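Engineer: There's a structure below that I have some questions on.
The values are calculated or read from the model by the stated rules, or taken from the named source; none is laboratory data. These numbers come from a predicted model, not from an experiment. Positions of Cβ are generated from backbone atoms using ideal geometry, with glycine treated the same way; all protein chains shown enter the neighbour counts. Ligands, DNA and RNA are stripped out before the accessible areas are found, and what is left, the full protein with its side chains, is counted by its heavy atoms. Shrake-Rupley method; radii C 1.70, N 1.55, O 1.52, S 1.80 Å.
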Amino acid sequence: MGVISTLLGFSGFGIGVSAGLVIGYYLFIYFQPTDVKDPIIRPLVERDSETLQRMLPEIPLWVKNPDFDRVDWLNKFIEYMWPYLDKAICKTAKEIAKPIIAEQIPKFKIDSVEFETLTLGSLPPTFQGMKVYVTDEKELIMEPSLKWAGNPNVSVVAKSFGLKATVQVLDLQVFALPRITLKPLVPSFPCFAKICLSLMEKPHVDFGLRLFGADLMSVPGLYRFVQEKIKEQVANMYLWPRTLEVQILDPSKALKKPVGILHVKVLHAMKLKKKDLLGASDPYVKIKLTESKLPSKKTTVKHKNLNPEWNEEFNMVVKDPESQAVEFQVYDWEQIGKHDRMGMNVVPLKELVPDEPKTVTLNLLKNMDLNDVQNEKSRGQIVVELLYKPFKDEDMPTFEDAGTVQKASEGTPPGGGELVVRVHEAQDVEGKHHTNPYVRILLKGEERKTKHIKKNRDPRWDEEFKFKLEEPPVNDKLHVEVASASSRIGLLHPKESLGYVDINLGDVVHNRRINEKYHLIDSRNGKIQIELQWRTVS
């Protein structure tokens, strides 16, 4: 009886499951809605910004803003170098902090403050994009978007009155948009004299802080207070237009700009040695300033003369009178073959009294090695007159003058300013039916146009337009379009667009002047160079 009931139970279970599956499938098919439509698939470019933000919350800046460039190569470089950068940065930080700590701890009656642990962790910072401004002001402006969600471990031990306290910083997050300006650009390594650092917006800083092993950030109200305090302090020090300036080189020495003129008069030479087979020489003099890339000056050749007279004058630009010297080399001219050097000598400019002429008689030497015994041999003499005339202060150019923006013209509103747009040139613009380019500029309903240039893919206009505005155009855009107009009457395509670009004017207001080349939208390879200035009354 028990066996039969067991078999019947299994049979009932199988029949019930099978019946349930059949009935469920029938109900699923019968009650399936008939008004379901296929999903609409649209490209991302047609989505609005809010939808994109929900779909992709971490969109890189080079995707959202076309003026930001990808810097994947830089992130790869930092990722590979991070273990070494970590050690180098931590070592430098300790060296910088040590004297500062030693100076400050006596004020607070603290015995010692030492780093117990200092490491930046294994996660390097990443750059979401970088904006680069190209100007003609001998400077380079970069705005990288920095994000660092790191795992550093910084432990500081303070000892006072026999007690020991350990403060530990963990899980640091920094999101910042700094502006790095390298200026002025100079021909001496590292090729810039100063680094200017500022923040374009308040940074986001988050971290964990432990004291005696307890998490202080979990204290109610303390976390938000610390956050706001850090933002406020950093903004007060470095938020644009405030900057942190780090001097790398002395600009005057790095640029070595002209500081004066050296007047050289080669008078005559005496007792020169015979170089030719017939018992004479054909001397001439080469004059050159040391540390100068300019070619040497040369006198005329005096044929068959061992006591020549020239009385010839030359002017040379001086950049550093403390280190430069004027070098004289006397050669024997040869019609065929290499000219033979008869002797040389130098006069350091620091030996000259400014604005006072000095006549110098120089013994000709083989070289400037004072220990060379061959310099004891007589090779003749040369007599020259030197006069160093330094520039006056008002004649010397300054770095600030190089990038000065003019004041706005008369009639400009006091609270606003004048936007000056100079259209320089375009490159690789080409139309489907004709290429007679001109430029249309639109700003707040006002339109300006350049002249038409016929049949030219690389036109140059160099035309300037001015817009008087009631207030700074911080949130406005300048629409620049390169168009082409047919030169024939009755053509099916009288006008066509060769590309356009919308320029954010907020950057111009902040920088006062920008000169950049922009890639044209809806153009294969087209570019346009636009110079913008924001001029105010004051």
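Engineer: When you check Ser155 against the structure, is it free of Cβ contacts under 8 Å to residues at least 60 places away in the same chain and out of contact with any strand residue (DSSP E or B) (no Cβ under 6 Å at 6 or more places or on another chain), yes or no?
Structural biologist: Details: free of Cβ contacts under 8 Å to residues at least 60 places away in the same chain: yes; out of contact with any strand residue (DSSP E or B) (no Cβ under 6 Å at 6 or more places or on another chain): no.
No.
Engineer: Which members of segment 293-311 meet the condition of being open to solvent by 70 Å² or more (accessible area, probe 1.4 Å) and not in a loop (DSSP other than H, G, I, E, B)?
Structural biologist: Listed by number, the residues that qualify are Lys297, Lys298, Glu309, Asn311.
Engineer: If you don't mind, there's one more thing I want to ask. Working carefully through the options Ala165, Ala149, Ala193, find the one that is aliphatic (A, V, I, L, M), free of Cβ contacts under 8 Å to residues at least 40 places away in the same chain and either loosely packed, with under 15 Cβ neighbours inside 10 Å or within 30 Å of Leu532 (Cα to Cα) (or both).
Structural biologist: Unique residue meeting the criteria: Ala149.
Engineer: Hey, any hits in segment 204-223 for a residue that's under 20 Å from the mean Cα position of the chain (by Cα), of a type in the set (A, V, I, L, M) and at pLDDT 75 or above?
Structural biologist: No - not one qualifying residue is present in segment 204-223.
Engineer: Condition first: open to solvent by less than 70 Å² (accessible area, probe 1.4 Å) and either in contact with a strand residue (DSSP E or B) (Cβ under 6 Å, 6 or more places away or on another chain) or modelled with pLDDT of 80 or more (or both). Now tell me which residues in segment 235-247 satisfy that.
Structural biologist: The answer is Leu239, Thr243, Leu244, Val246.
Engineer: Still on this structure: Taking the residues in segment 328-387 that are open to solvent by 60 Å² or more (accessible area, probe 1.4 Å) and of a type in the set (Val, Ile, Thr) as candidates, determine which candidate is nearest to Lys304 (Cα to Cα).
Structural biologist: Ile336
Engineer: Asp320 versus (1) in a loop (DSSP other than H, G, I, E, B); (2) acidic (Asp, Glu); (3) surrounded by fewer than 14 Cβ atoms within 10 Å (Cβ to Cβ): which is the lone unmet condition?
Structural biologist: Here Asp320 clears every test but (3).
Engineer: For Ala88, work out the one condition from (1) open to solvent by less than 40 Å² (accessible area, probe 1.4 Å); (2) more than 30 Å from His424 (Cα to Cα); (3) small (Gly, Ala, Ser); (4) within 27 Å of the chain's Cα centre (by Cα) it doesn't fulfil.
Structural biologist: Only one criterion in (1) open to solvent by less than 40 Å² (accessible area, probe 1.4 Å); (2) more than 30 Å from His424 (Cα to Cα); (3) small (Gly, Ala, Ser); (4) within 27 Å of the chain's Cα centre (by Cα) is unmet by Ala88, namely (1).
Engineer: List pairs: first in segment 224-241 and free of Cβ contacts under 8 Å to residues at least 24 places away in the same chain and in the same structural domain as Val174 (by the TED database), second among the basic types (Lys, Arg) and surrounded by 11 or more Cβ atoms within 10 Å (Cβ to Cβ), Cβ under 9 Å, 6+ apart or cross-chain?
Structural biologist: Taking only residues 6 or more apart or on different chains, the pairs are Glu232/Lys202; Asn236/Arg242.
Engineer: Right, next: Give the residue, chosen from Lys76, Lys87, Lys147, that is touching a Phe, Trp or Tyr at 6+ places or on another chain (Cβ under 8 Å) and at pLDDT 85 or above. Spell out the reasoning first.
Structural biologist: Numbers: Lys76 fails: touching a Phe, Trp or Tyr at 6+ places or on another chain (Cβ under 8 Å); Lys87 fails: touching a Phe, Trp or Tyr at 6+ places or on another chain (Cβ under 8 Å).
Among Lys76, Lys87, Lys147, only Lys147 is touching a Phe, Trp or Tyr at 6+ places or on another chain (Cβ under 8 Å) and at pLDDT 85 or above.
Engineer: For segment 120-134, give me each residue that is surrounded by fewer than 17 Cβ atoms within 10 Å (Cβ to Cβ) and either among the basic types (Lys, Arg) or under 30 Å from Ile514 (Cβ atoms) (or both).
Structural biologist: Hits for segment 120-134 are Val132, Val134.
Yes/no matrix, rows are residues, columns are (1) open to solvent by 70 Å² or more (accessible area, probe 1.4 Å); (2) out of contact with any His (no Cβ under 8 Å at 6 or more places or on another chain):
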| position | (1), (2) |
| --- | --- |
| Val439 | no, yes |
| Lys451 | yes, yes |
| Phe465 | no, yes |
| Gly499 | no, yes |
| Gln529 | no, no |
